[in-house]
Amino acid sequence: MQGAMAAPSVAPVTRQISGCAAPAPVPVPSGPESGQRLAAAVADLPVLDASGRRVLFGALFRERRAVVVFVRHFLCYICKEYVEDLAKIPKSFLKEANVTLIVIGQSSYHHIEPFCKLTGYSHEIYVDPEREIYKRLGMQRGEEIASSGQSPHIKSNIVSGSIQSLWRAVTGPLFDFQGDPAQQGGTLILGPGNNIHFIHRDRNRLDHKPINSVLQLVGVQHVDFTSRPSVIHV
């Protein structure tokens, strides 16, 4: 599908960066790569929506800034619980800041609707089944052994979470991992247009950015994630 695409006119971003909020009234993240452009060949790659319709990646943030979260795979319990918290961000908060929230997975588009029902996620979501955008953006494949601290978004421990993931795999209509289990995700702030403001590439499955730290970068109100069940220990 991507064979006919032209080679990127701009080298893919390869450095991990940090962002910080600019002065009020609307924070704009900045960093070593702030203001650089996303390669046109990457922006022109397609993603698929829940009906299988092709949408150009760059069209998702052409008109306004977007927080774009690439997840590992839809059976990953950590991704599930992280997206459950993304689902708690009120649409009114995003609208007020003129920001779009987008999740991108790497499964078949058939898995989008069940995943949204499972997590309660109702913001924008697409898939990149060939992982071409993951690759072009330099998302890591494999896991670094590095301490990522305690995530405020993960309720389950590795034993209970892995059991839940396996159960969803074997009881689903198709036994598959809904993506490459070795593929890591990341978080970007993009737009309007092909402007890059912030990139975080996950080093391992627990290395996602805390959601409120990303919301702060785009001027979105903080969300209270504390009303949640305690961590399950088995």
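Only the coordinates and a few stated rules stand behind these numbers; no lab work does. From a predicted model like this one, the values you see are computed outputs, not experimental measurements. Ideal geometry is used to build each Cβ from the backbone, glycine not excepted, and the neighbour counts take in all protein chains shown.
Distance between the pseudo-spin-label points of residue 49 and residue 118 (7 Å out from Cα toward the beta carbon): 2.3 nm. Projecting label points 7 angstrom from Cα along Cα→Cβ for residue 88 and residue 143 puts them 2.4 nm apart.
Hey, with R₀ at 25 Å, roughly what FRET efficiency would residue 221 and residue 195 work out to, going by the Cβ-Cβ distance, to 0.05?
Once the sixth-power term is evaluated, E becomes 0.65.
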